[in-house]
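I have a structure here, written as structure tokens, and I will follow up with some questions on it.
The values are calculated or read from the model by the stated rules, or taken from the named source; none is laboratory data. Note that the coordinates shown come from a computational prediction; the quantities given were computed from them, not determined experimentally. Reconstructed Cβ throughout: ideal geometry from the backbone, glycine too, with neighbour counts over all protein chains shown. SASA here: full protein model, heavy atoms, side chains in, ligands and nucleic acids out. Shrake-Rupley method; radii C 1.70, N 1.55, O 1.52, S 1.80 Å.
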Amino acid sequence: MRTWFITGATPGGFGLTYAEAALEQGDQVVVTARRPAELQEWADQYGDRVLVLGLDVTDTAQVLAAVSTAEERFGGIDVLVNNAGRGWFGSVEGARDDVIRRTFDLNLFGVVEVIRAVLPGMRARGDGWIVNMSSVAGLVSAPGFGYYAAAKFAVEGLSEALRSEVEPFGVRVLLVEPGAFRTKAYAGFQEEPVDETVDAYIPMIEGVKAAFVDQDGKQAGDPVRGVQAVISAMNAAVPPQRIVLGNSGYDVVVAMHENALTELRQNEKLSRSADF
């Protein structure tokens with residue numbers, strides 16, 4: 001029986017889907033959220049195999065306390081799923097400073113805090129999985145979501161270094177890059193204000209908002225199938241370093257890599273001309 005520690009386990013998202021998949025295979029789970037009361041009724045049906053904790057991943061003291069409580073209750077954390085995160089729309093030039101900092105605090109620094117709290121126990125036991133929920137946006141950016149993409153790009157780079165650093169201790173790292181999935185991630189955009197400091201970008205941001213609102217509830221990605229793909233990747237004889245989820249996301253990422261490789265080769269002479 002493994003113990004999972006899952007952040008951002010709000011109803012209707014990937015977090016609870018991971019938790020239910022883990023419970024289905026006989027594991028026990030710690031689910032965390034900023035509003036834990038919303039999870040209690042769901043958790044009660046699973047008895048003592050579920051522990052619900054309140055957690056704001058941007059609060060270091062809360063992170064340390066939650067991880068300590070989880071380890072005391074279940075004896076250790078075997079699988080960490082860094083799922084907490086969300087995006088706010090805004091242009092690179094015109095996004096407000098507080099939105100930029102909030103984006104990085106939640107999507108990058110919160111991930112760092114939880115990893116650093118969980119790793120000592122994993123290293124001591126010589127085993128563990130860290131599953132970092134990135135995004136297709138962590139590989140391919142988009143207008144209006146530059147700072148969210150930048151934070152996810154950072155999670156990608158962090159995870160690649162982390163993978164090499166913790167491998168000698170028996171800890172594995174998997175990057176998960178979903179495209180558009182039918183969670184509640186887009187549901188809040190309807191009420192989210194367009195709060196640009198540069199008026200020239202307002203029409204673009206309004207268009208971005210409208211596209212997300214229109215897509216809510218129509219996303220092709222199935223969270224249940226997505227989580228099963230992740231678990232299959234973790235159980236593979238040779239687990240991948242990253243997995244893209246969803247057809248549209250897969251196509252976008254393949255096209256990005258193919259285009260980048262074409263451009264790289266077209267400019268090979270310039271690249272190689274830069275050495276002494």
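Against the conditions (1) of a type outside the set (Asp, Glu); (2) closer than 21 Å to Arg116 by Cα; (3) not in a helix (DSSP H, G or I), where does Pro11 fall short? Just the number, please.
It is condition (2) that Pro11 fails.
Looking only at the range 25-36, filter to residues that are open to solvent by 70 Å² or more (accessible area, probe 1.4 Å) and either at pLDDT below 95 or within 22 Å of the chain's Cα centre (by Cα) (or both); which one of those is nearest to Val111 (Cα to Cα)?
Result: Arg34.
Another question about this same structure. Any chance the range 162-183 includes a residue that's closer than 28 Å to Glu258 by Cβ and free of Cβ contacts under 8 Å to residues at least 12 places away in the same chain?
Yes, the range 162-183 contains a residue that is closer than 28 Å to Glu258 by Cβ and free of Cβ contacts under 8 Å to residues at least 12 places away in the same chain.
In the range 199-270, which helices (runs of 4 or more DSSP H) lie fully inside it and hold 3 or more residues that are closer than 30 Å to Glu20 by Cβ, modelled with pLDDT of 95 or more and basic (Lys, Arg)?
Those helices (runs of 4 or more DSSP H) do not exist here; none qualify.
Rundown of residues vs (1) open to solvent by 70 Å² or more (accessible area, probe 1.4 Å); (2) farther than 23 Å from Gly94 by Cα; (3) of a type in the set (A, V, I, L, M, F, W, C), yes/no style:
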{"position": "Ala151", "(1), (2), (3)": "no, no, yes"}
{"position": "Gly157", "(1), (2), (3)": "no, yes, no"}
{"position": "Glu160", "(1), (2), (3)": "yes, yes, no"}
{"position": "Ser164", "(1), (2), (3)": "yes, yes, no"}
{"position": "Phe169", "(1), (2), (3)": "yes, yes, yes"}
{"position": "Val176", "(1), (2), (3)": "no, yes, yes"}
{"position": "Lys184", "(1), (2), (3)": "yes, yes, no"}
{"position": "Ala200", "(1), (2), (3)": "yes, no, yes"}
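Step by step: first the residues of the range 233-255, then only those that are open to solvent by less than 80 Å² (accessible area, probe 1.4 Å) and out of contact with any strand residue (DSSP E or B) (no Cβ under 9 Å at 6 or more places or on another chain), then the one that is nearest to Gly157 (Cα to Cα). Which residue is that?
For the range 233-255, the residue satisfying everything is Ala255.
Continuing with the same structure: Condition check: in contact (Cβ under 8 Å) with a residue 60 or more places away in the chain, touching a helix residue (DSSP H, G or I) at 6+ places or on another chain (Cβ under 7 Å), of a type outside the set (Asp, Glu) and open to solvent by 40 Å² or more (accessible area, probe 1.4 Å). Does Val194 satisfy that?
Yes.
Just give me the residues in the range 96-134 being in contact with a strand residue (DSSP E or B) (Cβ under 6 Å, 6 or more places away or on another chain) and closer than 20 Å to Ala211 by Cβ, in sequence order.
Listed by number, the list holds a single entry, Val99.
Could you list, in sequence order, all residues of the range 1-12 that are modelled with pLDDT of 90 or more and open to solvent by 10 Å² or more (accessible area, probe 1.4 Å)?
If we filter the range 1-12 for residues that are modelled with pLDDT of 90 or more, which is where we start, we get 1-9.
Residues satisfying the conditions are Met1, Arg2, Gly8.
Quick test for you: out of Leu16, Leu55, Leu64, pick the one residue that is surrounded by 15 or more Cβ atoms within 10 Å (Cβ to Cβ), more than 30 Å from Ala211 (Cα to Cα), touching a residue at least 12 places away in the same chain (Cβ under 8 Å) and of a type outside the set (Gly, Ala, Ser).
Sole residue among the options that is surrounded by 15 or more Cβ atoms within 10 Å (Cβ to Cβ), more than 30 Å from Ala211 (Cα to Cα), touching a residue at least 12 places away in the same chain (Cβ under 8 Å) and of a type outside the set (Gly, Ala, Ser): Leu55.
When you scan the range 124-147, how many residues do you find that are open to solvent by 10 Å² or more (accessible area, probe 1.4 Å) and either among the β-branched types (Val, Ile, Thr) or within 11 Å of the chain's Cα centre (by Cα) (or both)?
Total meeting the criteria: 5.
Considering (1) under 13 Å from the mean Cα position of the chain (by Cα); (2) at positive phi, say which one Gly170 fails and leave the rest.
Evaluating Gly170 over (1) under 13 Å from the mean Cα position of the chain (by Cα); (2) at positive phi leaves (1) as the failure.
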